[in-house]
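Working notes, structure below.
The values are calculated or read from the model by the stated rules, or taken from the named source; none is laboratory data. Everything numeric in this text was worked out from a predicted model, so none of it was measured. When we count neighbours, we look across all protein chains shown, and the Cβ atoms used for this are built from the backbone with ideal geometry, even at glycine.
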Amino acid sequence: MNARTAPAIGERVIRAAGHIDKFQLVADTGKRTMRFVASDESVDRYGDIIRADGWQLDNFRKNPVLLFAHDSRSPAIGGVTKIAVEGTQLMADVELLDEGVNPTADIVWACLDKGFMRATSVGFAPTGKINSLLDDHGNWTGYEFTSQELLELSVVPVPANPQALAVAKSLGLSVDAARRVFIDESRAVARAASEQRRRTIDILEIRGPT
């Protein structure tokens, strides 16, 4: 495998590396709360590893919003009430907005609660050394991020997931709104990835051939 260009220091990177670990019972608090494994040290789909002890969280804690599909142009669907590294995992306690405040938050909660949407994704910027990872034969397999600042945390959908749409409909939520969320917002993920690729091309052009 040929090595792709490593992200530049400070460049935004998106990794869907997390999953929903468990729910806090709604009956206990009256709130729509849950606990996320936002990131861990397993090898992700890119072949990369994000080291847990490298997370820098101070700036994120000043504005700990929870987004949907990395869409920072739309209102947040909730907030992160606690975030910390526990062993090799970045754990996040989150609370979605109360019912009726934000239709997107209502749809996302319905699908999380029914288990039809279980993925989270971190947006971060590398701040330190990025190491190449090699297999037993010396072939490049990915990158190891050793120091990174958390920029945002998102719940992310499976694009146009029919089960998610069915759940939203069964709970009396607007089908049109649900389709906007799971189709249009899935495109927001694609837009973010496209922007990331564009920035990488710009950086390569500035650097010139090596």
For the subset of the stretch 106-129 comprising residues that are of a type outside the set (D, E) and more than 24 Å from V13 (Cβ to Cβ), which member is modelled with the highest pLDDT? W109
Boolean, D40 is acidic (D, E), touching a residue at least 40 places away in the same chain (Cβ under 8 Å) and in contact with a strand residue (DSSP E or B) (Cβ under 9 Å, 6 or more places away or on another chain): yes
Please identify the pairs in which a residue from the stretch 44-61 that is over 16 Å from E86 (Cβ atoms) has its Cβ atom under 9 Å from the Cβ atom of a residue that is among the basic types (K, R) and surrounded by fewer than 16 Cβ atoms within 10 Å (Cβ to Cβ), counting only partners at least 6 apart or on another chain. Y46/R4
Is it the case, given these coordinates, that R73 is over 15 Å from the mean Cα position of the chain (by Cα) and over 30 Å from L133 (Cβ atoms)? yes
Based on this model, can you work out whether K114 counts as surrounded by fewer than 23 Cβ atoms within 10 Å (Cβ to Cβ) and more than 17 Å from A38 (Cα to Cα)? yes
Identify all residues within the stretch 73-85 that are in contact with a helix residue (DSSP H, G or I) (Cβ under 9 Å, 6 or more places away or on another chain) and surrounded by fewer than 20 Cβ atoms within 10 Å (Cβ to Cβ); write none if there are none. R73, S74, P75, I83, V85
Sort out which residues of the stretch 113-144 are in a loop (DSSP other than H, G, I, E, B), more than 30 Å from E95 (Cβ to Cβ) and touching a Ser or Thr at 6+ places or on another chain (Cβ under 6 Å), and write them in order of number. G128, K129, D135
For the condition at pLDDT below 95, in contact with a Gly (Cβ under 6 Å, 6 or more places away or on another chain) and surrounded by fewer than 20 Cβ atoms within 10 Å (Cβ to Cβ), what is the one hit in T88, T141, T146? T141
